[in-house]
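Report on the following structure.
The values are calculated or read from the model by the stated rules, or taken from the named source; none is laboratory data. As the structure is a computational prediction, the values presented were derived from the model and not from experiment. Neighbour counts run over all protein chains shown; Cβ positions are idealised from the backbone, glycine included. Ligands, DNA and RNA are stripped out before the accessible areas are found, and what is left, the full protein with its side chains, is counted by its heavy atoms. Shrake-Rupley method; radii C 1.70, N 1.55, O 1.52, S 1.80 Å.
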Amino acid sequence: MQEMITIKTFDQAADLEKPRRVLKYVLIFCTSGTITFSVDENEFILIENSVLTITSGQIHYFKNSNNAKGYILEFTYNFFCKDDTDIELIFHNGLFCHFAMNEMIRVDTAPTIINELEEIKKELTETPYQYLISVHSRIELILIEINRTKINRGDEIYKPDALFLHFLETVLKNFDKNLSVTEIAALIGTTESKLNELSKLHTNKTAQNVIFGLIISEAKRLFNYEKLSVKEVAYALGFNDPFYFSNFFKKHTSISPKSYKEKALN
């Protein structure tokens, strides 16, 4: 069983030297030097006092480091998201975003964040009374500090809706079942029309097209890093017919999965 929450320093993160994915939310904080980080198909250069957030399921790894020091904080959705307020905070201003919108953010209050990360490390090492509640609160403070930086630099405030995020998480955890919008709505106790309304509000797309976008992103990860065949990717994503999957992929990316796979391997 995976741990609900871990924290380590860059020099303890040998597992990040190769592409990996975890069903956890990952917060990278660079305190000095520079480091290049690959997330899905994009690269980010982290500099002193900058942060990068990685959403559950995204492929990520260090590409190279120039005397970089920092922290890697990882936690599960179930650990952090106790209620709707937590769910909305984790995705506030697009921090942990399911649509490959990762960004490097240089924070205004680095000493505060470093202090909280050190305190989390201490709490997890010493495990005093109610330490998990303390750690949860400290993560909240870190996310608030990052959000304040984004607002201070003039970013528009984006406050997502918890139900929409339940929808995205449910898609993410059930790719192999290829669930319909109606089935997902039933699973999370809402209606198809409500999911369409929220999808339109947050992405200007229908709920079905949001699902299609998430499936395509997942297919690319499976081609790029798992090195699966077209047939294996089709079955992993709940398609019974690999030919139908090939047409679906080409329709949404303008390239056949076979061509995409060859391009990725080169």
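Calculate, for the chain, the solvent-accessible area per residue in square angstrom, rolling a 1.4 angstrom probe over the heavy atoms of the protein chains.
Values: 13180 Å² over 266 residues.
Each residue of the chain exposes 50 Å² on average to a 1.4 Å probe.
Rank VAL22, VAL181 by accessible area, highest first, at a 1.4 Å probe radius? It would help to have the intermediate numbers written out before the result.
On the way: VAL22 30, VAL181 5 Å².
Putting VAL22, VAL181 in descending order of accessible area: VAL22, VAL181.
Provide the gained length on full extension for the span GLN130 to LYS82, in nm with one decimal, where the gain is 0.36 nm per separating residue minus the Cα-Cα distance.
Values: separation 48, 0.36 × 48 = 17.28 nm, distance 1.54 nm.
Result: 15.7 nm gained on full extension.
If DNA, RNA and ligands are ignored and the probe is 1.4 Å, what is the ranking of ARG153, ARG221 by accessible area, most exposed first? Provide the component values of the computation, followed by the final result.
Working: ARG153 115, ARG221 20 Å².
Ranked list, largest accessible area first: ARG153, ARG221.
Accessible area of the range 118-190 with a 1.4 Å probe: how many percent of it is carbon plus sulfur? Kindly include the intermediate steps, with their values, before the conclusion.
Details: 2030 of 3940 Å².
It is 51 percent, rounded to a whole number.
So if we plug the beta-carbon distance of GLU48 and ASP241 into 1/(1 + (r/R0)^6) with R0 = 41 Å, what FRET efficiency do we get, rounded to 0.05? Provide the component values of the computation, followed by the final result.
Numbers: r = 51 Å, r/R0 = 1.24.
Step by step, r from the Cβ atoms, then E = 0.20.
Largest first and to the nearest Å, give the Cα extent of the chain along each principal axis.
53, 44, 40
Quick one: give the max-minus-min coordinate of the C-alpha atoms of the range 10-163 along each principal axis, largest first, in Å.
Computed over the range 10-163, the largest-to-smallest principal extents equal 39, 37, 29 Å.
For the range 252-262, just list the computed ³J(HN,Hα) in residue order, Karplus coefficients 6.51, -1.76 and 1.60, θ = phi - 60°, integers in Hz, with x standing in for Gly and Pro.
8, 10, 6, 9, 6, x, 4, 5, 4, 4, 4
With n ≥ 4 as the cut-off for DSSP H runs, can you work out [θ] at 222 nm for the chain, using -39500 (n - 2.57) per run divided by the number of residues, rounded to the nearest 500?
On the way: 11 runs with 127 residues, N = 266.
That calculation yields -14500 deg cm²/dmol at 222 nm.
Starting from the residue with the highest accessible area, list ILE7, ILE45, ILE59 in decreasing order, probe 1.4 Å.
Values: ILE7 30, ILE45 105, ILE59 5 Å².
Accessible-area ranking of ILE7, ILE45, ILE59, largest first: ILE45, ILE7, ILE59.
When the chain is modelled as a GNM with alpha-carbon springs shorter than 10 Å, which of LYS150, LYS251, LYS205 fluctuates the most?
Looking only at LYS150, LYS251, LYS205, the biggest GNM fluctuation is shown by LYS251.
Dipole size in debye (nearest 20) for the chain around its Cα centre, Lys and Arg Cβ +1, Asp and Glu Cβ -1?
On the way: 30 positive and 35 negative charges, 196 e Å.
For the chain, the charge dipole is close to 940 debye.
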